[in-house]
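This report concerns only the one structure given below.
The values are calculated or read from the model by the stated rules, or taken from the named source; none is laboratory data. If you're wondering where the values come from, they're calculated on a predicted model, not measured in any experiment. Reconstructed Cβ throughout: ideal geometry from the backbone, glycine too, with neighbour counts over all protein chains shown.
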Amino acid sequence: MVKQIFKIIFLLWKQCISLLILLSFLNSMVYAINPEFVGINYICSLKNNGSIACWFNDVLSQSNVLPPTGNDFVQISSGSTACAIKNNGSLVCWGKSFPSTPEGNNFIQVSGTCALKSDGRISCWGVPSNVPTSNNFTQISVDDIGLFYACALKNDGGITCWGDNRVPSPPIGNNFTQISVGVSNACALKNDGSLVCWGLSIRGVSYKPPLGNNFIQVSAGKILFPSCALKNNGSIICWNTHGDNTFVPTGNNFTQVSVSASHGCGLKTDGSIICWKSDREITTSLTGNDFIGGQLIAGIQTVETSKYNNSHLFELAEKKFSEFFTPAKSKTLTLDNWEYRYYSKTDTYLGILSKNETYVLGGTFGSEIVRVGFRNELIDILVK
């Protein structure tokens with residue numbers, strides 16, 4: 001009887017994601033990779049088929065920043081140099097002249113001229129040699145426009161920065177979930193949804209972010225362009241170096257925001273991209289509804305996660321979120337293309353469709369089925 005009820009509910013599910021439910025379930029999973037897809041005079045975004053599309057502000061930048069072809073990319077970073085990671089974990093860069101990129105197939109995130117490996121170590125090229133050597137990092141953000149300044153998020157929630165030694169030390173604490181570096185300045189998102197920013201001391205310049213604890217992603221401003229942040233209601237807010245509001249697109253249907261030295265862009269829930277300067281919206285050639293911004297949410301698979309299966313996700317979820325999935329090691333049931341577990345103490349279902357899309361139902365999550373991500377994406381974060 002339970003199987004039949006579960007089947008009927010899953011067949012009637014609505015194609016929508018409750019952001020509030022997702023945040024309560026996966027607060028530490030949101031924006032584990034910083035979606036930097038806006039460069040100085042260009043914008044490059046991943047498409048949902050794994051290919052890269054770019055828009056160029058002028059002919060000169062187009063001749064220098066033509067993207068690679070193919071549909072096997074899973075994450076992209078745009079700055080003065082653009083780089084992307086392929087689904088086999090290898091790295092490719094293009095744009096201005098730079099030293100050879102590191103070889104290997106164990107990269108899981110790239111930012112500027114640094115990349116994060118699956119073992120938690122950082123590899124940089126053409127930059128100062130004082131790169132941290134430990135293996136406890138989960139995200140990096142790099143300024144390759146100015147004198148080079150970089151920060152990395154540690155697996156305990158702390159922040160380490162290096163490069164431009166004129167910049168004040170980052171905030172102390174172990175309550176950070178995402179970082180973004182501008183040009184000799186940076187912002188970080190705390191686990192309570194609030195923001196903190198810091199930067200090079202310049203007369204008349206303040207890095208004070210807006211107040212509140214409803215933010216889920218931040219993109220630090222570069223040079224004269226404002227910083228922007230994404231709220232948990234899907235809206236974007238931007239502020240200049242004096243802490244005041246500036247031009248920002250309207251609506252509450254955004255999932256990513258990224259800014260550079262001359263413009264910012266937002267990815268909408270329908271897969272479209274809109275961009276703006278500090279005083280107005282601008283038109284780009286990135287038309288359509290098949291964009292996914294700086295990272296491939298769907299089916300991201302690194303070398304590390306490829307060895308895991310559905311059972312691993314069930315067990316990791318039970319360990320990390322026992323308040324939702326109890327008792328642990330509940331029996332795995334199958335139905336058509338589904339594998340799922342029912343947790344009797346919390347009256348909650350956790351199901352995986354076709355070994356990929358992951359859903360929750362019941363208990364705290366309510367009576368409507370909610371998609372919380374893709375199996376490999378969730379495992380990639382839970383194992384760290």
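Pairs please, first residue from region 75-90 and at pLDDT below 85 and surrounded by fewer than 24 Cβ atoms within 10 Å (Cβ to Cβ), second anywhere and in a strand (DSSP E or B) and aliphatic (A, V, I, L, M), Cβ atoms under 6 Å, 6+ apart in sequence or on different chains.
none
List the pairs whose first member sits in region 147-173 and is on the phi > 0 side of the Ramachandran plot, whose second member is loosely packed, with under 13 Cβ neighbours inside 10 Å and in a loop (DSSP other than H, G, I, E, B), and whose Cβ atoms are under 8 Å apart, counting only residues at least 6 apart or on separate chains?
Filtered contacts from region 147-173: Gly157/Asn174; Gly163/Asn130.
Out of Val167, Val127, report the one residue that is buried (at least 18 other Cβ atoms within 10 Å of the Cβ), over 20 Å from Gly104 (Cα atoms), in contact with a strand residue (DSSP E or B) (Cβ under 9 Å, 6 or more places away or on another chain) and modelled with pLDDT under 90. First the steps, then the outcome.
Working: Val127 fails: over 20 Å from Gly104 (Cα atoms).
Checking each option against the conditions leaves just Val167.
Could we say that Asp336 is assigned by TED's automatic domain parsing to the domain that holds Leu316, over 30 Å from Gly89 (Cβ atoms), over 29 Å from the mean Cα position of the chain (by Cα) and at pLDDT 85 or above here?
Details: assigned by TED's automatic domain parsing to the domain that holds Leu316: yes; over 30 Å from Gly89 (Cβ atoms): yes; over 29 Å from the mean Cα position of the chain (by Cα): yes; at pLDDT 85 or above: no.
So Asp336 does not fit the description; no.
Any residue at all in region 55-63 that is over 22 Å from Lys222 (Cα atoms) and modelled with pLDDT under 80? Walk me through it before giving the result.
Step one: filter region 55-63 for residues over 22 Å from Lys222 (Cα atoms), giving 59, 63.
The next check asks that each one be modelled with pLDDT under 80; those that pass are 59, 63.
For region 55-63, residues over 22 Å from Lys222 (Cα atoms) and modelled with pLDDT under 80: present.
Quickly run through region 352-363 and pick out the residues that are touching a helix residue (DSSP H, G or I) at 6+ places or on another chain (Cβ under 7 Å) and either at pLDDT below 75 or not hydrophobic (A, V, I, L, M, F, W, C) (or both). So that I can check it myself, show each step before the final result.
Filtering region 352-363 down to residues touching a helix residue (DSSP H, G or I) at 6+ places or on another chain (Cβ under 7 Å) leaves 352, 355-356, 358, 360-361.
Once the filter is applied, which keeps residues that are touching a helix residue (DSSP H, G or I) at 6+ places or on another chain (Cβ under 7 Å) and either at pLDDT below 75 or not hydrophobic (A, V, I, L, M, F, W, C) (or both), region 352-363 yields Lys355, Asn356, Thr358.
Considering Gly193, Gly163, which residue is among the small types (Gly, Ala, Ser) and in contact with a helix residue (DSSP H, G or I) (Cβ under 9 Å, 6 or more places away or on another chain)? Can you show your working first?
Numbers: Gly163 fails: in contact with a helix residue (DSSP H, G or I) (Cβ under 9 Å, 6 or more places away or on another chain).
Matching residue, one of Gly193, Gly163: Gly193.
So, of the residues in region 275-293 that are within 18 Å of the chain's Cα centre (by Cα) and either in a strand (DSSP E or B) or hydroxyl-bearing (Ser, Thr, Tyr) (or both), which turns out to be modelled with the highest pLDDT? Give the steps one after another, and end with the answer.
Within region 275-293, the subset within 18 Å of the chain's Cα centre (by Cα) is 290-293.
Within this subset, residues satisfying the condition of being either in a strand (DSSP E or B) or hydroxyl-bearing (Ser, Thr, Tyr) (or both) are 291-293.
On the way: Phe291: 77, Ile292: 72, Gly293: 70.
The selected residue is Phe291.
(1) part of a loop (DSSP other than H, G, I, E, B); (2) under 24 Å from Ser262 (Cα atoms); (3) at pLDDT 85 or above: which one isn't true of Leu147, the others all being true?
Checking Leu147 against (1) part of a loop (DSSP other than H, G, I, E, B); (2) under 24 Å from Ser262 (Cα atoms); (3) at pLDDT 85 or above, the one that fails is (3).
Among residues belonging to region 192-238 that are of a type in the set (Phe, Trp, Tyr) and within 16 Å of Asp143 (Cα to Cα), point out the one that is modelled with the highest pLDDT. Full working, then the answer.
Filtering region 192-238 for residues of a type in the set (Phe, Trp, Tyr) gives 198, 207, 215, 225.
The next check asks that each one be within 16 Å of Asp143 (Cα to Cα); those that pass are 198, 225.
Working: Trp198: 92, Phe225: 76.
Ranking the qualifying residues of region 192-238, first place goes to Trp198.
Of all residues in region 170-181 being in contact with a Lys or Arg (Cβ under 8 Å, 6 or more places away or on another chain) and buried (at least 21 other Cβ atoms within 10 Å of the Cβ), which is nearest to Leu200 (Cα to Cα)?
So, considering only residues that are in contact with a Lys or Arg (Cβ under 8 Å, 6 or more places away or on another chain) and buried (at least 21 other Cβ atoms within 10 Å of the Cβ), the one nearest to Leu200 (Cα to Cα) is Phe176.
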